[in-house]
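Asker: Take this structure, written in structure tokens, and hold onto it; I'll ask about it next.
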Amino acid sequence: MKNRSSARRQLDAAPPLHRPFHRNTPALCPLFRQITLALAALALLIAGGSAYAGVTASISGTVKDPSGATITGATVTATNTDTSIAQTQKTNTAGFYSFQSLPLGHYDVQVEQTGFKTFRQTGLVLDVNAALVVDVTLKVGDVKEVVQVQSEAVHVETASTQLGEVIEGQKIVTVPLVSRSYTDLLALQPGVVATPSGITGAYTGVFNSAGFAVPQVSGDLNSGALSVNGQREANNGFLLNGATVQESGYGGTTAIPNLDSIAEFRILTNNYNAEYGNYSGGQINVITKSGTNRFHGNLFEFLRNTNLDARGFLDPFRGAYHQNQFGGTIGGPIKRDKIFFFADYQGNRRVQGVTSPPNGVPATGETTGDFSAFASSLSLTVQGVAWAQQLQNELGYPVNPGEAYFTPGCTSATCVFPGAKIPASAISAPAQAILPFIPSTPTGGSFFSTAFPLRLRDDKTSGRVDANTHFGLLSVYYLRQLQSGHTLSKLQRPGF
């Protein structure tokens, strides 16, 4: 008994196997919070891999032998030739394989099975939302022998019913676009109305019923609010690298990347999959470029100048127009075959002289109340007792209904304005203060037009990182747009 009690006391005195760190080590709490947040962010990235399917592509097919029987367990490898990232599967009991959520790019598909020659198809191009079917018939032979097939440039999609068109990056940058905005190319697709109606949300101008201006996108670019197949302009959906970028108030896009950073975009107009069921109009999917195993980039500058422009047909003179659009892109590997980056920048500087509509200006004498040069047109008479009373109060002498405004040789007793002149005492103080600022000519009748400059400064930059991990391909994309908007350099004269 004595030994037992001694052993029990020794156990009670021993230090615990774990310590309450929340009491004794408070400095570790922020560290654990950071680790928890990092794990949560990683979980979101992993979950985002499945949500990325809407802006990726797929390759599927069936592997058979020469007799038409399906082959089970054949090794199928899809390799992205731009990044050398490969994915491998084995065919199931039905000889079927399917690579879902493949990043866009150029692919080679290889099929291997013991007792058959290796099959390899090269030059496959995966566009956004593409669903290619590559059925393979293996030939009997040594696995070291290779049967290579070059893929055709155009494929007929037999696995999807959606209708739409892909606009590739090369086509985007070779088409001359003044705005350098992909939204100006949406009307290339049949069924898309080229101009907004102006009577619904998400259009350029003022939303009159709401009483405030529609938010401009990246300066003053087209928001993409166009009618697709007769649907409302605000019912289009916009995706940028898998993320929704639709402006909730008016329905247009909120983000327009640098044109040189866009790999391609696709306009789905009909019969698209249920994942796009939130929109009755078109579905626009924009994919930006990603880095590859080779460094690549470019620099650009687009110039517009007053000396290159012509005068407007109705403009009395040529307003100033100076625009510089400049920037560049760069992409490449951070770690070959593993991590890639792509970054871009575009700046836009514009000074534009906006000409106001022509306006008639008075003669110099008219600004002082002298209308004698137009006395022949003052042949009307005073109408109504109230109007006659108001004129009498302002002029200080009697005015009667039916009295002529002016007749040759009349006096204040026989006409309202003797000599076809308004007395200086009848001209109000505000009018006397404003009249010196109104332009005039000796004879009047000419036109005055202003062309004060509107200034725009717009900057946009974005970056993308793609990593090939054990969880699959993880992508992070960031876009930032900064603009100073339009401002008038000075106020225009009152009324003009």
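Values quoted throughout were computed directly from the atomic coordinates according to the rules given, and no laboratory measurement underlies them. Since the structure is predicted, the reported quantities are computational estimates derived from the model, not experimental observations. Glycine gets a Cβ as well: all are built from the backbone with ideal geometry, and neighbour counts include every protein chain shown.
Asker: Using only Cα positions of the stretch 364-448, each an equal point scatterer, no hydration layer, compute I(q)/I(0) via Debye at q = 0.11, 0.16, 0.18 Å⁻¹ and quote the log10 values to two decimals.
Answerer: -0.33, -0.69, -0.84
Asker: For a quick protection proxy, order the peptides 114-123, 188-197 by their average other-Cβ count within 10 Å, most packed first.
Answerer: 114-123, 188-197
Asker: Anything over 18 Å Cα to Cα? Flag those among K335/K460; K171/K460; K289/K338, in the order listed.
Answerer: Checking Cα-Cα distances, K335/K460; K171/K460 exceed 18 Å.
Asker: Could I ask something else about it? List the trypsin sites (Lys or Arg not before Pro) within the stretch 273-376 that fall in a DSSP loop (any state other than H, G, I, E or B) and whose Cβ has at most 15 other Cβ atoms within 10 Å.
Answerer: Passing both the DSSP loop test and the Cβ count: R294, R311, R318, R336, K338.
Asker: If you don't mind, there's one more thing I want to ask. Which FRET efficiency, nearest 0.05, do V140 and R457 yield, Cβ-Cβ r, R0 41 Å?
Answerer: 0.05
Asker: Kindly give the semi-axes, whole Å and largest first, of the ellipsoid equivalent to the stretch 388-436, taking each as the square root of 5 times a Cα gyration tensor eigenvalue.
Answerer: 21, 13, 8
Asker: Modelling each spin label as a point 7 Å along the Cα-to-Cβ direction, I'd like the T174/T114 distance in nm, to one decimal.
Answerer: So the two model labels end up 4.9 nm from each other.
Asker: Express in nm, to one decimal, how much length is gained between L435 and F471 on full extension, taking 0.36 nm for each residue of separation and deducting their alpha carbon distance.
Answerer: Length difference between fully extended and current span is 5.4 nm.
Asker: Please give the length that would be gained between T443 and A194 if that part of the chain were fully extended, namely 0.36 nm times their separation in residues minus their C-alpha to C-alpha distance (nm, one decimal).
Answerer: 85.0 nm
Asker: On average over all directions, what projected area in square nanometres does the stretch 316-475 have, based on the convex hull of its Cα atoms?
Answerer: 18.1 nm²
Asker: On average, how much area does the Cα convex hull of the stretch 250-322 cover when viewed from any direction, in nm²?
Answerer: In nm², the orientation-averaged hull projection of the stretch 250-322 is 9.9.
Asker: Residue separation times 0.36 nm, minus the C-alpha to C-alpha distance between D370 and V385: what's the value?
Answerer: Roughly 2.8 nm would be gained on extension.
Asker: In square nanometres, what is one fourth of the surface area of the convex hull spanned by the alpha carbons of the stretch 53-150?
Answerer: About 5.8 nm², averaged over all directions.
Asker: Moving on. Which value in nm describes the separation of the simple spin-label points at R349 and A413, placed 7 Å from the Cα toward the beta carbon?
Answerer: For the pair R349/A413, the computed spacing is 7.4 nm.
Asker: Say R0 is 45 Å: what FRET efficiency, to the nearest 0.05, do L308 and A424 get from their beta-carbon distance?
Answerer: 0.30
Asker: Which net charge results for the neighbourhood of A78, defined as the other residues with beta-carbon distances under 14 angstrom from its beta-carbon, given Lys and Arg at +1 and Asp and Glu at -1?
Answerer: My count for the surroundings of A78 gives -1.
Asker: Obtain the nm distance between the two label points defined at N92 and V147 by a simple spin-label model: each point lies 7 Å from its Cα along the Cα-to-C-beta direction.
Answerer: Distance between label points: 2.5 nm.
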